[in-house]
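See below for the structure under consideration.
The values are calculated or read from the model by the stated rules, or taken from the named source; none is laboratory data. Bear in mind that the values here come from a model prediction, so they are computed numbers and not experimental data. Reconstructed Cβ throughout: ideal geometry from the backbone, glycine too, with neighbour counts over all protein chains shown.
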Amino acid sequence: MTALSVRPATAADLPALAEIYRKARAFMAATGNPTQWGTTDPRPEILEQDIARGQLFVLCDGDAPHAAFALVPGEDPTYAVIEGAWISNAPYATIHRLASDGRCRGVFGAALAFAAARQPHLRIDTHPDNHIMQKLIAGAGFACCGIIHVADGSPRIAYERLPR
């Protein structure tokens, strides 16, 4: 296996992205997390917006995308209210919509390295039922800061990692 490369997603990647997120939703449901993305999230229009803003990236083994994530710079409105406390109010970027088709290892580490090289102060959140992601996040040095609520009102565990 070659090292995963990261590049900006393009509209031509949309079919591959649909398959990546379909497989990720199935994996999440099979591992006890059926409600975080349900059967439709992230919706295609969100991915299209991410691509247009230059904030959606694909991780490739060779030419084929096998994973994706959004790296969103600046303040995230969802993070404005937290049950708990953020560590720092310094500028940050947020990792969102990280997903894999399950064919490559090291996806989280590759996405995190790419993100941290662009903005060392990072935030991320995940569903309380997403125990796999919670373990990856904690293992990467993120501190649990509390609970935030997404647009539909459901809770997410919020994490932050300061520059190293």
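Checking each residue in segment 79-123 for being hydroxyl-bearing (S, T, Y) and farther than 26 Å from A64 by Cα picks out Y79, S88, Y92. Restricting segment 8-24 to residues that are free of Cβ contacts under 8 Å to residues at least 40 places away in the same chain and not hydrophobic (A, V, I, L, M, F, W, C), the residue that is surrounded by the fewest Cβ atoms within 10 Å (Cβ to Cβ) is P15.
Screening segment 76-107 for residues that are among the hydrophobic types (A, V, I, L, M, F, W, C), out of contact with any Phe, Trp or Tyr (no Cβ under 9 Å at 6 or more places or on another chain) and at pLDDT 95 or above and picking the one that is farthest from G153 (Cα to Cα) gives A90.
Residues that are under 12 Å from the mean Cα position of the chain (by Cα) and acidic (D, E) within segment 92-141 comprise just one, D125. Listed by position, the strands (runs of 3 or more DSSP E) enclosed by segment 1-77 that each have at least 1 residues that are basic (K, R) and under 23 Å from R105 (Cβ atoms) are 5-8.
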